[in-house]
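The values are calculated or read from the model by the stated rules, or taken from the named source; none is laboratory data. In this text the structure is predicted, and so the values were computed from the model without any measurement. Neighbour counts are summed over all protein chains in view; Cβ atoms, including those assigned to glycine, are modelled from backbone coordinates with ideal geometry. With ligands, DNA and RNA removed, areas are computed over all heavy atoms of the protein, side chains included. Shrake-Rupley method; radii C 1.70, N 1.55, O 1.52, S 1.80 Å.
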Amino acid sequence: WEGGIKRTTILGYIHSTRVQKANDAIAIGLPKAEAFAWIILDYDTVNEKRVARGTQLRIYDPTVIPSHEGLLSTIACTKVCEQYPVDLPPLSAVPKYDETIV
């Protein structure tokens, strides 16, 4: 591919979701709060936000690719994001991921 690969996919944990102006069909396809999902990030975002294990991000207006039951959803179009603010209460601990659900 011209220019090389510019994205990576990481396993992330969704602590909460907020949907504005969505109909029921869209809301049903969203990953539930407190669930694992695949998150596609541009390398520029990874470098700028210094994404590493344990990084907490707020992602705004992503595109969600729903999955069939038992599989993980994928979250794309994640360019608009920020580090989770340190002045807010900390997010809950991430549970251990059960590899048998992939």
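Might you work out the accessible area of LEU41 for me, using a 1.4 Å probe with all protein chains in place, and round it to the nearest 10 Å²?
The value for LEU41 is about 0 Å².
On the principal axes of its Cα set, how long, how wide and how thick is the range 32-80? Give whole Å, largest value first.
Principal extents (largest minus smallest coordinate, Cα): 34, 20, 16 Å.
On a 1.4 Å probe surface of the protein chains, which of LYS6, LYS96 comes out largest in accessible area, and what is the full order?
Accessible-area ranking of LYS6, LYS96, largest first: LYS96, LYS6.
Taking the Cβ of ASP42 as the centre, find all other residues whose Cβ is under 12 Å away and add up their charges (Lys, Arg: +1; Asp, Glu: -1).
With Lys, Arg at +1 and Asp, Glu at -1, the net is +2.
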